[in-house]
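Working notes for the structure below.
The values are calculated or read from the model by the stated rules, or taken from the named source; none is laboratory data. This structure is a prediction, so every number in the text was calculated from the model and none was measured. Cβ sites come from the backbone with ideal geometry, for glycine too, and all protein chains shown count toward neighbours. For the accessible areas, the whole protein counts, side chains as well, though only heavy atoms, and no ligand, DNA or RNA atoms are used. Shrake-Rupley method; radii C 1.70, N 1.55, O 1.52, S 1.80 Å.
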Amino acid sequence: MNKSYIIGASGLIGGSLYELLKSKSLDVYGTYSKNNEDNLIFFDMNKSDFSCFNKVEENDIFYILSAYSNPSWIAQNKSLAEELNYTKTIELIDFLIEKRVKIIFMSSVEIFDGQKGEYSEEDTPNPLNFYGELKYRVEKYIINNYDNYTIVRTGWNVGLSEKSRCVVQLTYETLLSNNAKMATDNFFSLSSVEDTSEGLYRASLEKKLKKIHICSDEIINRKEMAELIISVSKNKKQMSFSDCLFNEIPYSEPRGRVNDLNNSLSQKLFGMKYSDAHKLIINKVRYLDNY
């Protein structure tokens with residue numbers, strides 16, 4: 001039986017994927033660099049020491065999930081972000097190419113420019129920010145240098161965990177602050193972390209699948225999400241906002257205004273039935289109310 005390795009198994013998505021593969025009685029190994037959980041393997045990508053993978057064999061599966069993921073932090077720390085998210089990631093990929101394993105690379109909706117929305121797997125990337133640029137550069141490297149890979153793209157992932165600092169939590173916290181503003185023309189995709197894990201696993205079973213999008217069916221509007229959060233939160237009396245347009249929000253780096261993905265290919269190939277995005281929001285709010 002092929003072995004599965006999860007790079008970044010102590011993170012939100014990696015931890016969920018690790019539990020999923022364990023539940024299927026698969027031979028799975030997860031790595032951590034800071035917080036050890038469930039007998040994970042220590043692996044620091046920045047040191048490029050691959051000795052912990054000395055038992056890797058051809059056609060084993062590697063899920064590459066480890067990366068800096070906060071676009072604002074990345075914009076302010078470009079050299080550190082580039083070192084891990086691109087340079088060290090490429091060194092790992094080169095090592096894996098020599099081993100002839102299957103590579104599942106976790107990419108992002110941020111490789112698109114957020115102009116039209118409902119991006120399919122074959123739409124042309126045009127990243128606006130450095131986070132998206134680094135993801136796209138890794139995508140291109142894999143495509144140009146290897147054949148046994150799948151690129152998985154997703155939007156905001158939501159989990160009921162302290163690891164999940166998602167768009168719901170960020171909006172929730174903003175609503176509790178003074179002078180909160182919510183863009184009426186901002187749209188995006190959500191995904192439950194369990195759905196993303198299932199999509200990653202199913203992608204690993206496909207022989208020729210090169211790119212796949214994993215996200216919920218609904219397109220979420222920022223203002224409508226804020227209204228839903230207020231309507232169900234125990235803290236609704238402390239929450240308020242005013243309307244604005246997306247271009248009026250002073251982000252520290254460019255962001256896509258219409259950042260949603262088309263999930264029809266994953267539904268067709270995998271038979272995926274995604275969690276309802278509005279229920280995801282409600283469940284996350286209830287978690288935050290009690291956290």
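Considering helices alone, the calculated mean residue ellipticity of the chain at 222 nm is -10500 deg cm²/dmol, with DSSP H runs of length four and up weighted by -39500 (n - 2.57) and normalised per residue. Computed over protein heavy atoms with a 1.4 Å probe, the accessible surface of the chain works out to 47 Å² per residue. Sequence-ordered 3J(HN,Hα) estimates for segment 218-227 from the Karplus curve with 6.51, -1.76 and 1.60 and θ = phi - 60° stand at 7, 9, 9, 9, 4, 4, 5, 5, 4, 5 Hz, glycine and proline given as x.
Among (i) 42; (ii) 31; (iii) 26, which is the computed percent of Cα pairs over 31 Å apart? It is the one labelled (iii). Under 5 Å between amide hydrogens, built in the peptide plane, is the criterion, and for V158 it picks out S191, S192, V193 among residues at least 5 positions away or on other chains. Computed from backbone phi, the HN-Hα couplings of segment 6-20 come to 10, 7, x, 6, 8, x, 4, 5, x, x, 5, 5, 4, 5, 4 Hz, rounded to whole numbers (Karplus: 6.51 cos²θ - 1.76 cosθ + 1.60, θ = phi - 60°; Gly and Pro given as x). With 21 Å as the limit on Cα-Cα distance, the pairs of K88/K163; K163/K279; K211/K284; K34/K210; K78/K102 that go past it are K88/K163; K211/K284; K34/K210; K78/K102. Could you list the trypsin sites (Lys or Arg not before Pro) in segment 1-88 that lie in coil according to DSSP, counting only those with at most 13 other Cβ atoms within 10 Å of their Cβ? Here the trypsin sites (Lys or Arg not before Pro) that fit, given the DSSP loop and packing criteria, are K24, K34, K55. The H on the amide N of I104, modeled in the peptide plane, is under 5 Å from the matching H of F62, Y63, I64, T150, each at least 5 residues off or on a different chain.
To put it simply, the accessible area of segment 209-291 at a 1.4 Å probe is 49 percent carbon and sulfur. The listed residues S216, S16, once ranked by accessible area (1.4 Å probe) with the largest placed first, stand as S16, S216.
Annotation note: trypsin sites (Lys or Arg not before Pro) in segment 167-251 located in DSSP loop regions with a Cβ neighbour count of at most 15 within 10 Å are K207, K208, K210, K234.
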